[in-house]
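Structure, as C-alpha cells:
The values are calculated or read from the model by the stated rules, or taken from the named source; none is laboratory data. Note that this is a predicted model, so its numbers are computed, not measured. Backbone-built Cβ (ideal geometry, glycine too); neighbour counts: all protein chains shown.
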Amino acid sequence: MDEMNRRQFVKIGAGLGAATGTPLVFAEEEAKSESKDMIYRELGDTKLKVSAVSLGTYGFSNSGLLERALDKGINFICTAAEYQNGVAEESIGKVAKKRRKDMVIMTGWSCRPNSTKQELIASLDASLKRLSTDYVDIVKTHNLDKAALLDNEAQFEAFEEAKKTGKVGFLGLSNHNADIIDVLQAVLKKKKFHVLQCKFNFMEYEKQMKIFDEAEKLGIGIVAFKVRAGKRENEIKELENKGLQVRQAAIRWALNDKRIASVCMGFTNFDQIDEYREAVMKKLSRSDEEALRLYAQAVDRSYCRNCSTCEAYCPNQVAVAEIMRYSMYFKYYKMEKEAMRLYSALPPDRAADPCAGCGGFCEQGCPYGRPVRTGLLEAREMLT
Amino acid sequence: MRSCAFLVFSMIVFVPAGYSQDISSSAEKSKVMDILPASDFMPGWNFEDKPEFYQPDALYEHVDGEAPLYLSYGFRGLAYARYADSQDAENSIAVEIFDMGDLEGGFGVYSSHRHPTERFALYGTQGYRSGALLIAWKGPYFISMLGDEDNAITADALERSVREIVKKIPGDDAYPDFLKRLPLKNRIPNSEKFIAKDYLGWKFFRRAVEAKYVVESVTPTVFVVLCPDADQAKGAYAEFVKTISGQAGLKEDEQEGVKSVWLKDPYLGGVSASQENDCVIGVISPQDDLSESGRKELMEQCRLAIRSLQKKE
C-alpha cells in the first residue's frame, strides 16, 4: 500500500475539520496554556458543568486517586452498579461522604428486556447507598447495545419516579456496540435521554457525525470514551517515544469537537491524572495531528483484523489468523512464553513453515493490503 | 477453489474485526470453551445462541470499559454462552468464563469483585450468589453468571451450571501462595485482594496483596508489594520515600537496621512502610486512628509471616 497521504488520512478520520466543515483549531506549536484550572464544558441542556476529562471507574478501588483527581479539577465521575458488583461505587462513596459537592456523578443501572420499574429503582437505591449520597446527577442505562431495549418503558418510568423523589437529575445511556448507529438513531427518536456516552475517536467517527448533529439539536450532552482507537501506539516504530503525545493527542482530537462535553478515561495511577489534565489544557497542534496520522496509517496497514479472509487464498492451509494473533501476543502483550507455546501447539501442517517458499497468495486476499507473508515469516522466526 | 474462496470471503469479510467468530480451533480457545456447561446441562434448557470466544485483542467488544481490568491480570480468553429454558424463554442465563492464565490472575480478578460481607459458598474455590448474579473462581478461571430473571428457576440454573463448570476445571482449590505473606492474626476473612498494577496509584508499586484487619476497634489495611527480588524491593521502597519526602509530618525510624517511614498522607490517611526482603510492607489507617503500637505490631507480624515463608522455601 502506498504511503498514506493527507487526503487518505482525512478519509479515515483524523482530519475532522476537513470532513465536517468545522475548522480544526490548531494551537501554535509553542503555545502553552496559561490557565491552571481544568476546562469545563456544559453537558448539553443539563447545564451541568463537567470537567473535559472524566473518571471512568471500572476496576476502580483507590479512593486516594479520586481525591487527587478532584483536587486537580476532575469533577465528573462515571460509574455503574455492575462495576465489580458495587466495589467501584463503594470506593467512590468513601470520598463522596466528604466531597459530594465537588462531584458530578453518573451511575448506571442494567436494564434488561424484562427489568421492572421496581427493580431499577431498587438498583438505584443500592447504588445511592454505596455512593454514600442521596442523589446522583445522572443515571444511565448501562450498556444499551440493542435498540429493542428501548422498548422497555420501565427505565423511563423508573427515571421519572426517581426524579420526582429527588434521587436523580437526568437520564443517560451508554453504548458499547461495535456498530452503534442503529441503536443511537433509535435513542434519538425516543427523545427521552439527556446524556449519551459512546465511543468516539479519530479512526472511526464518520458515521456518528449526523448522530451528534441531531443530539446537539435535541440538547443531549455527549461523553466520549474509547478515544484512543485501540491503544496500539506501542506497536508503531514511527511513534517510538511518542506514546504520551499520541495518548494526549487522541483526547484533544475528541475535544476539538465542541459537542463533546467530556472524554471518559480510566485511571490507575497518579501520573495519569496529570497526563490527562495536561491533555485537555492544550489545544490540538499540527504535530498532534501528524502523530495521529502516523498512528492511523500504521494501524490501517499493519493491524491484522483476524478476519481470516486471506486463509482462503493460502495453498498450504496455514493458520494465518492464529499465527498473527500469537505474534501480537509475543510482541505487544509481552506474553512471549505463552505465544511460543501456542504456536508449538498448532498442528504441524498449519504452521508457517511453507511460507518461505510460497508466492504470498495470502496478500492478494487481505482486504486491508497487509504484508501478510512478511508477517508470517517474522512470526515463524520469533515463535520457534 | 475460487468459488469456495469467494463464499468464504463473503461470509467472513463483514464480521467485525476481533469479534467472536467461528475461527479455526486452537488450544487456547478449546481450553476455556470446553469448560462451558453442555447445552442441556439442565433438563429443558439449551443454548440460546452459539457460544462465543473472545481473545485479548477482542475483549473490548464484549466487556468494553471493563477490559483493562482483565487484561492487567493476564487475561487469555473468554468463553461466553447464553442458555434459555425451552419452557419459558424469559428464564435465561448468561455465562462468562474468563481464563486468566494462572492462579494469581484468577484470584486477582475474583478478589476485585468480592466484598467480605457476601455469603460465600464453595463454587469452585470460592464464590457467591447475589440475586441473579453468581461469581466464582477456581485456579486460573474467573466465572461470572447473570440470570435475566431473579427467580427460583434461574437461581437453580445458575447453581447447576457453576457446578458443571468447576467439575471440569482440573486442579485443587488452592489459594495463591502470596497470600501467606499477609499476617493471619486479626485478619478480616475474605478481605484479601491482589492488585496487578499501580498499587495505591503509584507506578513503582506494581503488584501487591492487601487485606483488612480489626485492631483496636479500627480496620487498617496491611499491604505487601511483591517484588522480583530484594534489590527491586529496595528500589521500590526508595521511590516511595522519595515521593513522600516533601510531605509534612513524615517520620523515619530505624530499628535493628530496619528502616521504616510513617506519615499522614492527605489521600490515604496514616501510612507506614518498610522493606522486608523482596517485599515492601505497610499499614494504612484511613482515619489515622490506629495507635503507633498497633501499627508497629501489624508491621512486625507481617515481617514474621514473610520470614517464616522464606524459611520454608
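Name the one entry in B:89, B:94 that is of a type in the set (A, V, I, L, M) and either farther than 24 Å from residue A:87 by Cβ or in a helix (DSSP H, G or I) (or both).
B:89
Filter the stretch A:254-263 down to the residues that are touching a helix residue (DSSP H, G or I) at 6+ places or on another chain (Cβ under 8 Å) and part of a strand (DSSP E or B), then identify the one that is surrounded by the most Cβ atoms within 10 Å (Cβ to Cβ).
Ranking the candidates gives A:263 first.
Name the pairs: first residue in the stretch B:62-86 and within 11 Å of residue B:100 (Cβ to Cβ) and more than 8 Å from every other protein chain (Cβ to nearest Cβ), second residue modelled with pLDDT under 90 and part of a loop (DSSP other than H, G, I, E, B), Cβ to Cβ under 7 Å, at least 6 apart or on different chains?
Listed by first residue and then by second, the contacts come to B:77/B:55.
Could you list, in sequence order, the residues of the stretch A:97-113 that are surrounded by 14 or more Cβ atoms within 10 Å (Cβ to Cβ), part of a loop (DSSP other than H, G, I, E, B) and within 14 Å of chain B (Cβ to nearest Cβ)?
Those that are surrounded by 14 or more Cβ atoms within 10 Å (Cβ to Cβ), part of a loop (DSSP other than H, G, I, E, B) and within 14 Å of chain B (Cβ to nearest Cβ): A:110, A:111, A:112.
Go through the stretch B:119-166 and report how many residues are among the basic types (Lys, Arg) and assigned to a loop (DSSP other than H, G, I, E, B). If you could, list the steps in order and put the result at the bottom.
Of all residues in the stretch B:119-166, those among the basic types (Lys, Arg) come to B:119, B:129, B:138, B:160, B:163.
So of that shortlist, the ones also assigned to a loop (DSSP other than H, G, I, E, B) come out as B:119.
Number of matching residues: 1.
In the set B:225, B:215, B:241, which member is more than 17 Å from residue B:201 (Cβ to Cβ), hydrophobic (A, V, I, L, M, F, W, C) and surrounded by 13 or more Cβ atoms within 10 Å (Cβ to Cβ)?
Matching residue, one of B:225, B:215, B:241: B:215.
So, in the stretch A:183-212, exactly how many residues are in contact (Cβ under 8 Å) with a residue 24 or more places away in the chain and away from chain B (no Cβ under 14 Å)?
Residues that pass the stated criteria total 19.
What pairs can you find where one residue is in the stretch A:44-59 and within 20 Å of residue A:252 (Cβ to Cβ), the other is in a helix (DSSP H, G or I), and their Cβ atoms are less than 6 Å apart, with a gap of 6+ or different chains?
A:52/A:255; A:52/A:280; A:53/A:276; A:53/A:280; A:55/A:69; A:56/B:65
Can you tell me which condition residue B:64 does not meet? The list is (1) over 27 Å from residue A:228 (Cβ atoms); (2) modelled with pLDDT under 75, and all the others hold.
Result: residue B:64 passes all but (1).
For the stretch A:335-376, give me each residue that is aliphatic (A, V, I, L, M) and buried (at least 16 other Cβ atoms within 10 Å of the Cβ).
Answer for the stretch A:335-376, where residues must be aliphatic (A, V, I, L, M) and buried (at least 16 other Cβ atoms within 10 Å of the Cβ): A:335, A:339, A:340, A:342, A:346, A:351, A:352, A:372, A:376.
Just one of the numbered conditions (1) at pLDDT below 95; (2) over 26 Å from residue A:111 (Cβ atoms); (3) not in a loop (DSSP other than H, G, I, E, B); (4) not acidic (Asp, Glu) is not true of residue B:116; which one?
(3)
Taking the stretch B:202-218 on its own, how many of its residues are more than 16 Å from the chain's Cα centre (by Cα), more than 12 Å from chain A (Cβ to nearest Cβ) and either free of Cβ contacts under 8 Å to residues at least 40 places away in the same chain or in a helix (DSSP H, G or I) (or both)?
2
Can you find a residue that is within 19 Å of the chain's Cα centre (by Cα) and outside any loop (DSSP other than H, G, I, E, B) anywhere in the stretch B:38-50?
No, every residue in the stretch B:38-50 fails to be within 19 Å of the chain's Cα centre (by Cα) and outside any loop (DSSP other than H, G, I, E, B).
Pick out the one residue from A:76, A:60 that is modelled with pLDDT of 95 or more, of a type in the set (Phe, Trp, Tyr), buried (at least 21 other Cβ atoms within 10 Å of the Cβ) and within 30 Å of residue A:184 (Cβ to Cβ).
Step by step, each of A:76, A:60 is checked, and only A:76 is modelled with pLDDT of 95 or more, of a type in the set (Phe, Trp, Tyr), buried (at least 21 other Cβ atoms within 10 Å of the Cβ) and within 30 Å of residue A:184 (Cβ to Cβ).
Scan the stretch A:114-136 residue by residue and report those that are away from chain B (no Cβ under 11 Å), basic (Lys, Arg) and crowded, with 17+ Cβ neighbours inside 10 Å.
Result: A:117, single match.
Where in the stretch A:282-384 are there helices (runs of 4 or more DSSP H), lying fully within it, with 1 or more residues that are under 28 Å from residue A:249 (Cβ atoms) and within 12 Å of chain B (Cβ to nearest Cβ)?
Because the criterion is at least 1 residues that are under 28 Å from residue A:249 (Cβ atoms) and within 12 Å of chain B (Cβ to nearest Cβ), the helices (runs of 4 or more DSSP H) in the stretch A:282-384 that meet it are A:286-302, A:320-332.
What are the residue pairs meeting all of these: first residue in the stretch B:273-293, first residue within 14 Å of chain A (Cβ to nearest Cβ), second residue among the hydrophobic types (A, V, I, L, M, F, W, C) and part of a loop (DSSP other than H, G, I, E, B), Cβ atoms under 6 Å, and 6 or more apart or on different chains?
Qualifying pairs under 6 Å: B:284/B:268.
Within the stretch B:51-61, can you find the residues that are part of a strand (DSSP E or B) and within 10 Å of chain A (Cβ to nearest Cβ)?
none
Could you check residue B:109 against (1) in contact with a helix residue (DSSP H, G or I) (Cβ under 8 Å, 6 or more places away or on another chain); (2) within 27 Å of residue A:116 (Cα to Cα); (3) β-branched (Val, Ile, Thr) and say which number it fails?
It is condition (2) that residue B:109 fails.
Can you report the number of residues in the stretch B:9-46 which are within 14 Å of chain A (Cβ to nearest Cβ) and modelled with pLDDT of 65 or more?
Counting residues in the stretch B:9-46 that are within 14 Å of chain A (Cβ to nearest Cβ) and modelled with pLDDT of 65 or more gives 6.
Residue-by-condition table, conditions (1) crowded, with 20+ Cβ neighbours inside 10 Å; (2) farther than 22 Å from residue A:38 by Cβ:
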| site | (1), (2) |
| --- | --- |
| A:248 | yes, no |
| A:268 | yes, no |
| A:271 | no, no |
| A:280 | yes, no |
| A:291 | yes, yes |
| A:296 | yes, yes |
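In the stretch B:260-272, what residues are part of a strand (DSSP E or B) and either within 14 Å of chain A (Cβ to nearest Cβ) or over 17 Å from residue B:233 (Cβ atoms) (or both)? Steps first, please.
So the first thing to find is which residues in the stretch B:260-272 are part of a strand (DSSP E or B), and the list is B:260-265, B:269-272.
Listed by number, the residues that qualify are B:262, B:263, B:264, B:265, B:269, B:270, B:271.
Those residues that are farther than 20 Å from residue B:151 by Cβ, within 13 Å of chain A (Cβ to nearest Cβ), of a type in the set (Val, Ile, Thr) and touching a residue at least 40 places away in the same chain (Cβ under 8 Å), I need them from the stretch B:91-131; list them, please.
B:109
Answer yes or no as to whether residue B:198 is free of Cβ contacts under 8 Å to residues at least 40 places away in the same chain and among the charged types (D, E, K, R). If you could, list the steps in order and put the result at the bottom.
Values: free of Cβ contacts under 8 Å to residues at least 40 places away in the same chain: yes; among the charged types (D, E, K, R): yes.
In short, yes.
Could you say which residue among B:175, B:199 is farther than 29 Å from residue A:55 by Cβ and either surrounded by 15 or more Cβ atoms within 10 Å (Cβ to Cβ) or more than 14 Å from chain A (Cβ to nearest Cβ) (or both)?
Values: B:199 fails: farther than 29 Å from residue A:55 by Cβ.
Of the residues listed, the single one that is farther than 29 Å from residue A:55 by Cβ and either surrounded by 15 or more Cβ atoms within 10 Å (Cβ to Cβ) or more than 14 Å from chain A (Cβ to nearest Cβ) (or both) is B:175.
Given the structure, is residue B:224 in contact (Cβ under 8 Å) with a residue 60 or more places away in the chain and within 15 Å of residue B:302 (Cα to Cα)? Don't jump to the end; show me each part of the working.
Numbers: in contact (Cβ under 8 Å) with a residue 60 or more places away in the chain: yes; within 15 Å of residue B:302 (Cα to Cα): yes.
Yes: the conditions hold for residue B:224.
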